[in-house]
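Undergrad: Questions regarding the structure given below will be posed in turn.
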Amino acid sequence: MIHTQNLTRVFKRKGEAPLIAVDTLSIDVRRGEVFGFLGPNGAGKTTTIRMLAALIGPTRGTATVNGHMLGEDAAAIRRSIGILTETPGMYDTLSAAHNLHIFAQLYGVPEPEKQVEKYLRMLGLWERREDEVGGFSKGMRQKLALARALLHEPDLLFLDEPTSGLDPEAARLVRDFIEELRGQGRTIFLCTHNLDEADRLCDRIALFRTRLLVLDTPANLRRQLFGRQVVFHLRAMLPGLAETVAALPGVQEATAIDHKLLVHVDDPETQNPAIIRALIAAGADLQFVGELRYSLEDVYLQFVQSS
Amino acid sequence: MNTTAIATIVRKEWAEMYRNSLVLSTVIFMPLLFTALPLVILGVGSGFDSGSEALLSELPPQMASLCAGLTSGQCGQIYIVSQFMLMFMLIPVMIPATITPYSIVGEKTQRSLEPLLATPISTAELLTGKNLAAILPGVIATWLAFALFAVGARLLLASSLAFSRLFDARWLIAIFLLGPLLAVFANALAIMVSSRSNDPRVAQQVSSLLVFPVIMLFLGQMIGWIVFDTSFALILCLVFLILDIALTYLAVRIFDRETILTRWA
């Protein structure tokens with residue numbers, strides 16, 4: 001769906017050294033996936049989206065978006081994608097329906113009225129269709145901007161901070177809507193600061209800070225950094241228990257912490273039964289077993305700080 | 001050029017303009033005021049028809065040809081109203097200078113240009129739509145104001161000869177040629193000013209300074225330094241045509257997609 005090869009964007013600045021906003025970015029975004037693009041403020045995420053949406057040109061490198069080569073037919077790229085910009089950017093004095101109608105016409109939507117109604121209803125804005133957008137809450141504006149991005153039914157969507165500044169209820173509604181879009185088979189390129197959101201929504205995540213730091217599934221990123229750890233909750237810690245478990249095959253490390261045994265294993269699905277049997281044989285009273293999950297925030301901070 | 005996209009932009013601009021009371025009042029009331037003023041003078045002046053020989057002797061020589069066959073009172077009326085012809089030239093300057101700042105800076109403050117530029121519309125289509133939305137009201141308002149003035153003048157001027165003198169070639173050149181050229185000029189300058197501003201009122205005030213050249217012409221004519229005859233009107237048309245080409249070229253460069261996204265925000 002998207003393929004970039006050494007995509008680079010340098011901004012010239014008067015009296016200052018040129019600013020490299022995006023440096024040799026090479027990624028492949030597959031059809032139908034939710035691709036998370038994460039990085040700190042000023043990392044170049046919006047510049048990347050703007051390049052991929054054919055809004056600004058790259059300084060170096062190549063990219064194909066939806067089968068169109070960047071720099072060859074910008075209008076074809078823009079026609080085939082939907083974009084939710086960082087700020088909704090609606091016409092405040094015009095009604096919700098009027099705002100969408102303008103964009104439906106600019107995208108050449110065959111039946112603009114139908115499409116406008118479809119998305120206003122889908123996002124729960126139909127009752128407010130004649131109201132001026134200036135009076136809308138941030139959540140409503142964001143929903144309207146999402147509707148605007150979808151009017152022409154694009155296969156590929158760029159969402160730049162879709163839940164930024166929204167209250168939990170509105171953010172959840174937007175997230176559910178993104179899930180629904182994924183269910184429809186659309187490809188979503190998602191820029192977000194909300195790591196929990198990225199963890200829940202994204203099939204793969206690219207951590208980015210001017211350059212690509214790492215790209216993988218959230219689970220693999222965790223594994224890559226922290227391995228897999230299982231916590232065994234015991235009624236009481238017995239002497240020598242950690243050493244017994246550490247000696248088992250496939251166990252890398254076992255540490256006793258109060259009444260818990262933290263075990264670093266290669267493959268918990270295979271090794272957990274053997275560990276449980278060993279613990280019971282050693283006389284331990286096992287209460288719970290659970291995998292220790294590191295948050296994506298831990299992964300993110302580890303990579304970004306080390307970059 | 002996608003005419004549907006251009007028409008969509010024009011309609012969008014006008015819909016926003018319709019909801020902006022300041023812009024709307026400028027578009028409606030200024031032409032009415034500039035039409036009423038010369039008509040009032042024409043009406044008041046219709047009373048004096050005698051004892052104006054002294055006034056006639058003070059008129060510039062160019063007026064003499066216009067006054068042939070007219071009474072001194074009629075000639076005086078034509079002279080006075082001719083002075084106000086340049087006021088009609090303020091309309092195509094003032095209206096785009098009011099609409100454009102709100103159109104450009106409004107998009108900047110609402111941050112609505114990026115979603116707009118993300119559509120398949122080309123920069124040329126977007127700029128054409130925005131230009132038409134600002135220039136057309138200026139030109140149409142000038143023409144309507146002139147038509148209204150023509151009707152009023154016909155009713156107030158008893159002599160059809162005097163009426164025909166009032167609408168000679170210089171008036172027609174000024175209204176139908178110089179007016180649109182001035183509107184393009186004002187709009188291009190307003191785009192440049194607006195690209196540097198984040199407050200539509202400031203941009204509008206700066207753009208409004210464009211009326212000064214027209215006022216200078218008006219004063220120059222009143223004092224007698226300038227005689228606004230046909231040749232002068234044609235020279236002005238040529239000057240503004242050249243200026244329009246140069247300024248439109250600059251405005252198009254300023255309105256570059258990349259510049260808007262990376263520097264205007």
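The values are calculated or read from the model by the stated rules, or taken from the named source; none is laboratory data. Predicted model, so just to flag it, every value in this text is computed and none were measured. Methodologically, a virtual Cβ is constructed for each residue, glycine included, from the backbone with ideal geometry; neighbour enumeration extends over all protein chains shown. With ligands, DNA and RNA removed, areas are computed over all heavy atoms of the protein, side chains included. Shrake-Rupley method; radii C 1.70, N 1.55, O 1.52, S 1.80 Å.
Undergrad: State yes or no: is A:Ala256 without any contact (Cβ under 8 Å) to a residue 60 or more places away in the chain, among the small types (Gly, Ala, Ser) and open to solvent by 40 Å² or more (accessible area, probe 1.4 Å)?
TA: On the way: without any contact (Cβ under 8 Å) to a residue 60 or more places away in the chain: yes; among the small types (Gly, Ala, Ser): yes; open to solvent by 40 Å² or more (accessible area, probe 1.4 Å): yes.
So A:Ala256 fits the description; yes.
Undergrad: With respect to A:Thr93, is the statement that it is open to solvent by 10 Å² or more (accessible area, probe 1.4 Å), of a type in the set (Val, Ile, Thr), at negative phi and without any contact (Cβ under 8 Å) to a residue 12 or more places away in the chain true? Spell out the reasoning first.
TA: Numbers: open to solvent by 10 Å² or more (accessible area, probe 1.4 Å): yes; of a type in the set (Val, Ile, Thr): yes; at negative phi: yes; without any contact (Cβ under 8 Å) to a residue 12 or more places away in the chain: no.
Taking the combined requirement at face value, the residue does not satisfy it.
Undergrad: Within the stretch B:1-17, track down each residue that is more than 16 Å from B:Pro120 (Cα to Cα), open to solvent by 90 Å² or more (accessible area, probe 1.4 Å) and more than 9 Å from chain A (Cβ to nearest Cβ).
TA: Listed by number, the list holds a single entry, B:Trp14.
Undergrad: Then there is this: Could you say which residue among A:Val289, A:Val265, A:Val299 is in contact with a Gly (Cβ under 7 Å, 6 or more places away or on another chain) and β-branched (Val, Ile, Thr)?
TA: Going through A:Val289, A:Val265, A:Val299 in turn, the sole match is A:Val265.
Undergrad: Separate question: Kindly indicate the residue of the stretch A:123-146 that is in contact with a Phe, Trp or Tyr (Cβ under 8 Å, 6 or more places away or on another chain) and within 21 Å of B:Glu16 (Cα to Cα) and also farthest from the other protein chains (Cβ to nearest Cβ) among those meeting that condition.
TA: The extreme case among them is A:Arg128.
Undergrad: Give the residues of the stretch A:82-99 that are of a type outside the set (Ser, Thr, Tyr) and either outside the structural domain of A:Trp126 (by TED's automatic domain parsing) or part of a loop (DSSP other than H, G, I, E, B) (or both), sorted by residue number.
TA: Hits for the stretch A:82-99 are A:Glu86, A:Pro88, A:Gly89, A:Met90, A:Asp92, A:Leu94.
Undergrad: Of the residues that make up the stretch A:154-170, is at least one in a helix (DSSP H, G or I) and not small (Gly, Ala, Ser)?
TA: Yes, that holds for at least one residue.
Undergrad: So, A:Val265, is that one of a type in the set (Val, Ile, Thr) and touching a helix residue (DSSP H, G or I) at 6+ places or on another chain (Cβ under 7 Å) or not? Outline the logic, then answer.
TA: Details: of a type in the set (Val, Ile, Thr): yes; touching a helix residue (DSSP H, G or I) at 6+ places or on another chain (Cβ under 7 Å): yes.
Yes, satisfied.
Undergrad: Okay, moving on. Starting from residues that are buried (at least 18 other Cβ atoms within 10 Å of the Cβ) and touching a Pro at 6+ places or on another chain (Cβ under 9 Å), keep the ones in the stretch B:147-174 and report whichever is modelled with the lowest pLDDT.
TA: B:Ala153
Undergrad: Let me ask something additional. Give the residue, chosen from B:Ala145, B:Ala133, that is in contact (Cβ under 8 Å) with a residue 40 or more places away in the chain, farther than 30 Å from A:Leu156 by Cα, within 14 Å of chain A (Cβ to nearest Cβ) and assigned to a helix (DSSP H, G or I).
TA: It is B:Ala133.
Undergrad: Take residues that are within 11 Å of chain B (Cβ to nearest Cβ) and free of Cβ contacts under 8 Å to residues at least 24 places away in the same chain and tell me which of the strands (runs of 3 or more DSSP E) falling wholly in the stretch A:1-81 contain 2 or more.
TA: Here the list reads A:2-13.
Undergrad: Please work out which residue is nearest to B:Arg263 (Cα to Cα), limiting yourself to the stretch B:175-220 and to residues that are buried (at least 23 other Cβ atoms within 10 Å of the Cβ) and among the hydroxyl-bearing types (Ser, Thr, Tyr).
TA: Restricting to residues being buried (at least 23 other Cβ atoms within 10 Å of the Cβ) and among the hydroxyl-bearing types (Ser, Thr, Tyr), the top hit is B:Ser194.
Undergrad: Let me ask something else about it. Where the second residue is surrounded by 13 or more Cβ atoms within 10 Å (Cβ to Cβ) and not in a helix (DSSP H, G or I) and the first is without any contact (Cβ under 8 Å) to a residue 40 or more places away in the chain and lies in the stretch B:204-225, which pairs have Cβ atoms under 6 Å and are six or more apart or on separate chains?
TA: What qualifies is B:Gly220/B:Ile226.
Undergrad: Tell me the residue from B:Phe228, B:Phe240 that is over 27 Å from B:Glu258 (Cα atoms), open to solvent by less than 40 Å² (accessible area, probe 1.4 Å) and assigned to a loop (DSSP other than H, G, I, E, B), please.
TA: Matching residue, one of B:Phe228, B:Phe240: B:Phe228.
Undergrad: Take B:Val139 and decide whether it is open to solvent by 10 Å² or more (accessible area, probe 1.4 Å), β-branched (Val, Ile, Thr) and over 24 Å from B:Val211 (Cβ atoms).
TA: no
Undergrad: Scan B:Pro115, B:Pro92, B:Pro101 and give me the residue that is outside any loop (DSSP other than H, G, I, E, B), without any contact (Cβ under 8 Å) to a residue 40 or more places away in the chain and open to solvent by less than 30 Å² (accessible area, probe 1.4 Å).
TA: Going through B:Pro115, B:Pro92, B:Pro101 in turn, just one is outside any loop (DSSP other than H, G, I, E, B), without any contact (Cβ under 8 Å) to a residue 40 or more places away in the chain and open to solvent by less than 30 Å² (accessible area, probe 1.4 Å): B:Pro115.
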